[in-house]
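We did not get these values from a lab; they are worked out from the coordinates using the rules stated. Please read all numbers here as calculations on a predicted model, not as lab measurements. Neighbour counts run over all protein chains shown; Cβ positions are idealised from the backbone, glycine included.
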Amino acid sequence: MRRRVMRVGLVCLALIVAAAAGVASHGGGKAAAAPKAAEVSGNITLAGWTSGGSTEGQLLKQTLAGFAKKYPKIKVTYTALDPYQQNMLAKFAARKPADVFYVDSNDFPDWAKQGLLEPLDSYIAKYHFSTKPFFPRLLSAFKYQGKTYGFPKGFSPLSMEINTAMLAKVNGKVPTTWADLRLLAQRMKAAGVPAGGRPICFQPEWARLLAFVYENKGALLNASKTRAVVNSPAVREAVNFYVGMINSGLAGTQQQLGAGWCGEAFGKEKAAITFEGNWIMPFMAEQFPNVKYRVYRMVRNKQRATLSFTVSYSIAKSSKNKAAAWTLLTYLTGKQGMATWTSKGLELPSRKDVKVRVGGRTAYLRDAAVGRPWQFAPGFSKVMTVANNELTAVIEGKQTVNGMLAKIQEAANDALR
Amino acid sequence: MAVAAGTRRQAKTLGGAKLREALVGYAFVILPLGFFFLFFIFPIVYAFYISRYEWGVLGKIESVGFQNYRDLYHDDLFRKALHNTLVYTAVVVPGQMALGLLAAVVVNQKIRGRPFFRAAFYFPSLASSAAITAIFIYLLNADGLVNKLLDRHQPFFADSDTALPSIMGLNVWTTSGTIMLFYLAALQSIPTDVYEAAAIDAAGPWRTFRKITFPLLKPAHFFVAVVSIIGCLKVFDQNYIVSGGTGGPNYSTLSVVLYMYRTAISDLEWGYAATIGVVLFLVIFVFTLVQRLLFGRAEVS
């Protein structure tokens, strides 16, 4: 009897101590973000589209080596999937997805809605994981109906890349507004710069156009993502600017410039100016090391804005070892893991407490503050099929801007219903 | 009694022999038949079952009856996809058959280097469609070889007027090799005495072809037309690669299968995608049936 009382007492004491420790750690900021190394073990799988042989793959390997050192009892197996989306869906349907995996912000609303992802809120509370260091806009890209389903592993915003030799050739100044951009392009066109190309490369898709729409205070959806607001004067003006630049020959699409994407057209010097993310930097270094260029902030119109592309690490709802998965997730998106992952600047850190250690990224970092994630709502893949096809029709003169916006508005409202 | 018993026994053994023969027969086909049911019949039936639900990655969401079919009937994108697919089929099937027949007739002549030409004409059918499409993307690029030759600057795959015709041309060329093989086999099965008789009647080569070769190839025409139409209605990979999966520009390369793929993989609407699959199955089935009726009757007469 006494022993039992004692045992109960001990348990109570342990609970009090634990609670106190919890409070202390919560207040003291030295949060135990993950279970202790000794507590979790097992085999877990990680899936992404980063291929093992690439520079990115080397960085991931390095990051995972860091994890293995810290948590020797957890064995992580990484698989690169290509094509990623199809493979992941097949694995989800077979109830055998990886424990931890990449989720593109654009796919996220659908994946969350279909119940493929594990909500992380209870883990955040249990392990006192601080989400404060993440850029709020990037973090919110992985929230669905108030719950968090992933942490951003990094991001890339759209900024403006300019070929410095071509800029010097026309004695031009770096444009900061739409009007400046048009003037500079006109000057280049008059001077025949670039030879056999066009001053600007614009991709005929909403994943670029939308940055200009945001700059003009337009949007596709209202703030609460309940209603389409694309059929508005602000959007019309932005589309007219974008398409007008193409149709007046001041800008060209990558196809008109004989390239697969604008980065390639820029590298081949068929365009002097383009609007891409920092993924263009390793591409240029590898493919076109002799082309001199610099990155500047996006040109602005009514306000500063841009699009950010981000990807999360998330946990599968059907994961069998969620404690280990959470440990891996918080390491990869934690300060240490992200520092390794972003050390070559292929992606920018989505945490404020991780410094960018490579040069030339200032413009991207400054634009990041006004970047909005490339993301809408569940069912928007179909809306984008319509939006992009209509945009090409507008560029060809087979559709009016108003006609396109009405179609997108209708498709978007259908998806929201 | 005894007689009755005897006949019964006889009947039994006779039945037994028949039964045994039947069993042996089934034993031979059971494996292929099993695979056929598992991988063809069952998925078709199951796709129909799925098409009556709102179906997500993890399975059933809710039963919607025939709502998916009603939605499909009013779906603008599906209409565009169906239109593109039918136009594509209407152009590519005759094109393929004509080119295939021409190639077959050519390599059936006693000309020098015949094995080389046979191999050369068949080669595009052997190469992967993805690889050939990738090569054509370069050839038809705004700065590509074709534009250099034409002294123009036309991005063929990025213009909605030329994107689908370019794919048509590409496919007529790549698939004509297979069709040539079918025709070649049929050409060689035409008995030579028919030609000899024609020669005696002083029929020229064109007349011989028109009056003898072409009509005698009727079974081959039927077979090739069926295979070719089915292939065309299922067109996907070239459109997918050329448009980056979007079906653009201006929906011009959106085919039924590409739309089905997008509905399943990008939109995650698996019930609706199954509906598209069922409707496509019915379209192909009806086409084949109509052809069978037309050509089948002709064959008998």
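Distances between placed amide hydrogens fall under 5 Å for A:G154 paired with A:V311, A:S350, all partners being 5 or more residues away or on another chain. Here region A:275-336 and region B:261-298 have alpha carbon centers that stand 41 Å from each other. Ordering B:V279, B:W173, A:T176 by the projection of their Cα atoms onto the charge dipole of the protein assembly as shown, which places +1 on the Cβ of Lys and Arg and -1 on the Cβ of Asp and Glu, puts A:T176 at the extreme positive end.
Within 10 Å, count the other beta carbons around each residue, average over each peptide in B:34-44, B:135-145, A:107-117, A:152-162, and list them highest first.
So the order, starting with the most tightly packed, is A:152-162, A:107-117, B:135-145, B:34-44.
The convex hull drawn around the Cα atoms of region B:69-300, when projected onto a plane and averaged over every direction, covers 15.5 nm². Taking only alpha carbon atoms, chain A gives an Rg to Rh ratio of 1.04, where Rh is the Kirkwood radius.
Alpha-carbon geometry of region A:279-409: the Rg and the Dmax are 19.6, 56 Å, given in that order.
Using only alpha-carbon positions in region A:72-221, the gyration tensor eigenvalues give semi-axes of 43, 19, 16 Å once each is multiplied by 5 and square-rooted (largest first). Protection proxy ranking, highest mean first, for peptides A:232-241, A:85-94, A:271-280, B:243-252: A:271-280, B:243-252, A:232-241, A:85-94, where packing is the per-residue count of other beta-carbon atoms within 10 Å, averaged. Building the convex hull from the alpha-carbon atoms of the protein assembly as shown and averaging its projection over directions returns 52.1 nm².
Taking the average, over residues, of other Cβ atoms within 10 Å as the packing measure, peptides B:152-164, A:380-392 rank A:380-392, B:152-164 from highest down. Placing unit charges on the Cβ atoms only, positive for Lys and Arg and negative for Asp and Glu, gives region A:74-183 a dipole magnitude near 200 debye about its Cα centre. When each full DSSP H helix of chain B is screened for a Cα extent of at least 24 Å along its own axis and an average Kyte-Doolittle hydropathy of at least 0.5, the helices passing are B:2-36, B:76-108, B:163-188, B:270-300.
Entry note, chain A: the mean residue ellipticity at 222 nm calculated from DSSP H runs of n ≥ 4, each adding -39500 (n - 2.57), is -13500 deg cm²/dmol after division by the residues and rounding to the nearest 500.
Once you average over the residues of A:108-117, how many Cβ atoms of partner chains fall within 10 Å of each Cβ?
Mean partner shielding for this stretch: 2.
In plain terms, if you count all Cα to Cα distances in region B:21-147 and split them into 5 Å steps from zero, the share in each step is 2, 7, 7, 8, 11, 12, 12, 13, 12, 8, 4, 2, 1, 0 percent. Neighbouring Cβ atoms from other chains, within 10 Å of the Cβ of residues in B:153-161, number 4 on average.
Relative to the longest principal axis of the Cα atoms of chain A, helix A:233-247 runs at roughly 60 degrees. Scalar couplings 3J(HN,Hα) for region A:135-152, obtained by applying the Karplus form with A = 6.51, B = -1.76, C = 1.60 to θ = phi - 60°, are 4, x, 5, 6, 5, 5, 5, 10, 10, 9, 6, x, 10, 9, 10, x, 10, x Hz; x denotes Gly and Pro. A:V291 label point, 7 Å along Cα→Cβ, cut-off 18 Å on backbone N: hits in region A:199-234? From region A:199-234, the list is A:199-204.
Which FRET efficiency value, to the nearest 0.05, is calculated for B:T208 and B:Y138 with the Förster distance at 25 angstrom and r the Cβ-Cβ distance?
So the FRET efficiency works out to roughly 0.05.
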